[in-house]
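Notes for the one structure printed next.
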Amino acid sequence: MTPRHYSYRLRLAVVLFLTFVVGIVTGVAVDRQSVSDIVRACSVPTKAVPDFRLMAEAWNTIQQHYVDRAAVIPRHIAYGAISGMVNSLGDTGHSTFLTPSMVREERESLRGQFAGIGIEVQMKKRQLLIVAPIDGSPAQRAGLEAGDIILEVNGRSIAGQPINKVVGEIKGPPGTRVSLTIRDPKTKKVREFHLVRAHIRLSSVTWHMLPGTRIAHVRIALFSKGTAKALAKALEAAQAQGAKAVILDLRNDPGGLFDEAIDTASLFLEHGNVLLERNVRGQVRNVPVRHGTPKFMLPMEVLVNSGTASAAEIVAGALRDAGRARLIGQTTFGTGTVLESYPLSDGSALVLAVQEWLTPHGRSFWHHGITPSQVVALPAGVSPLQPDAEHGMTAQQLQHSRDTQLLRAVKLLSAHQPSLRT
């Protein structure tokens with residue numbers, strides 16, 4: 001079998017949906033291609049024999065002397081040791097270890113239906129950050145935002161706890177409750193949120209004609225299976241209703257399937273590359289625009305923010321480098337590697353960064369994200385306007401929405417095309 005590639009918002013970062021089904025360190029939508037062979041076990045490299053003996057010495061010491069006997073569970077100790085090995089690489093929250101249950105949950109996460117509170121998180125600088133709340137989720141309705149820092153779960157501090165333990169406390173069956181203590185990184189204000197876990201069905205593409213314009217506001221919430229086809233249908237419907245331009249909204253989109261990102265970018269590009277992949281030897285592989293997709297060449301702008309990650313960053317970078325659209329908003333999250341999953345013999349897996357993504361012009365965005373040409377921040381307390389909320393809205397209400405990023409895109413598109421106003 002061939003290697004399985006993951007794309008992360010989250011550098012797989014611990015970019016995980018904190019939902020009942022999301023893979024703990026896989027990220028909401030783990031962009032993938034295939035699965036790697038199981039690596040042969042029981043073959044200890046000669047140079048590593050002293051280190052393996054050291055680990056055995058530690059293992060035996062714990063078994064013989066640790067006073068809390070109920071806590072001495074061999075499989076838990078083994079998983080902790082493997083997690084420690086991966087963490088020692090310094091790729092915190094990205095390269096990771098998945099237990100068998102995490103692997104099963106990760107497979108479920110791309111089926112488009114989840115149960116939980118609906119957030120994607122990543123460990124960054126020893127803090128657990130919310131990468132993005134999921135559209136229509138309990139987390140979004142409660143007011144959780146990208147960049148919020150989780151301090152406590154059910155009144156207990158998560159400081160120093162491994163990510164899998166924290167996720168285990170947050171996830172749970174629909175109808176059950178969980179409380180999160182959150183710090184806003186901008187205001188430093190600490191708040192407590194009481195959430196009820198629920199079934200979450202994702203609608204990856206939504207759109208609406210912006211009132212008073214001929215501009216279609218098209219949002220991609222997640223790059224799940226079928227997103228590119230759904231986007232093509234939305235664009236066809238928008239054109240049929242008189243759309244003359246498009247605002248592609250990738251804000252708070254944590255990423256998803258790699259192939260869906262390539263197909264999505266290819267809807268707006270006629271030639272060239274969508275991205276480049278650089279391996280450990282420095283070799284670069286081109287990932288070209290696909291020619292079997294319909295093409296939509298309407299004028300467009302793209303909205304991004306700190307919750308734009310992974311596959312969403314691939315699309316944003318491709319459209320920017322091709323000169324197809326300007327990016328408007330704030331610097332993206334910075335998920336820029338290909339991850340390969342290596343299954344282990346008991347159903348667990350190692351997920352390791354093996355290639356780096358580059359935009360078509362060869363620019364890296366891993367760790368530092370993509371900075372838009374039009375840097376526009378939303379006012380404090382204002383959330384991005386979504387297409388579903390625009391039904392019944394008047395042109396005047398749109399102008400008073402305070403979504404400064406969306407309004408900047410409308411202004412830029414209309415500046416050279418007065419016909420976009422109705």
For this session: Express the C-alpha Rg of the chain as a ratio against the empirical globular expectation 2.2 N^0.38 Å, rounded to two decimals.
Result: 1.02
Exercise. Taking the Cα-to-Cβ direction at A395 and at L54 and moving 7 Å from each Cα, how far apart do the two end points lie in nm?
Worked result: 7.1
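What does the extension gain come out to for A237 and I77, with contour length at 0.36 nm per residue minus their alpha carbon separation? Mind showing how you got there, number by number?
Values: separation 160, 0.36 × 160 = 57.60 nm, distance 5.50 nm.
Taking A237 through I77 to full extension adds about 52.1 nm, to one decimal.
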Problem set entry | Ranked L350, L412, criterion: other C-beta atoms within 10 Å, fewest first | L412, L350
For this session: For segment 134-139, just list the computed ³J(HN,Hα) in residue order, Karplus coefficients 6.51, -1.76 and 1.60, θ = phi - 60°, integers in Hz, with x standing in for Gly and Pro.
Result: 8, 3, x, 8, x, 5
Exercise. What is the ratio of the Cα radius of gyration of segment 205-420 to 2.2 N^0.38 Å, where N is its residue count, to two decimals?
Worked result: 1.04
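Rounded to the nearest 0.05, what FRET efficiency do R104 and R201 give with R0 = 22 Å and r taken as the Cβ-Cβ distance? Could you check? Can you show the working numbers first?
Details: r = 20 Å, r/R0 = 0.90.
Result of the calculation: an efficiency of 0.65.
Order these peptides, 55-67, 369-381, by their mean beta-carbon neighbour count within 10 angstrom, highest first.
Working: 55-67: 10.6, 369-381: 14.8.
Going by the mean number of other Cβ atoms within 10 Å, highest first, we get 369-381, 55-67.
Sort segment 271-385 into rounded, prolate or oblate with this rule: let a ≥ b ≥ c be the square roots of the eigenvalues of the Cα gyration tensor; rounded if a/c is under 1.5, and if a/c is not under 1.5, prolate when a/b is larger than b/c, oblate otherwise.
Working: a/c = 2.04, a/b = 1.36, b/c = 1.50.
Because a/c hits 1.5 or more and a/b fails to exceed b/c, segment 271-385 counts as oblate.
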Problem set entry | Reachable aspartates and glutamates, given that their alpha-carbon falls under 12 Å from the alpha-carbon of K188 and they are not under 8 places away in the same chain | D148
For this session: For an R0 of 22 angstrom, estimate the FRET efficiency from the Cβ-Cβ distance between A70 and S157 and round to the nearest 0.05.
Result: 0.45
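Please order D68, D253, D263 by the number of other Cβ within 10 Å, starting at the fewest. It would help to have the intermediate numbers written out before the result.
Values: D68 6, D253 36, D263 23.
If I rank by nearby Cβ atoms, fewest first, I get D68, D263, D253.
Going by how many other Cβ atoms sit within 10 Å of their own, how do M85, M102 line up, fewest first?
Values: M85 12, M102 24.
The order, fewest Cβ neighbours first, is M85, M102.
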For this session: Place the peptides 182-189, 137-144, 233-240, 70-77 in order of packing, highest mean first, counting for every residue the other Cβ atoms within 10 Å and averaging per peptide.
Result: 137-144, 233-240, 182-189, 70-77
Exercise. Over segment 205-420, what is the percentage of antiparallel beta bridges among all DSSP beta bridges, to the nearest 5?
Worked result: 60
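Of the listed pairs K124/K411; K125/K165; K125/K171; K125/K225; K171/K233; K171/K229, which have alpha-carbon separations greater than 25 Å here?
On the way: K124/K411 35 Å; K125/K165 18 Å; K125/K171 23 Å; K125/K225 32 Å; K171/K233 34 Å; K171/K229 31 Å.
Cα-Cα > 25 Å for K124/K411; K125/K225; K171/K233; K171/K229; rest within.
Rule-based calculations on the coordinates, nothing more; no lab input. Keep in mind it's a predicted model, so treat the numbers as computed, not measured. All Cβ positions, glycine included, derive from the backbone under ideal geometry; neighbour counts span all protein chains shown.
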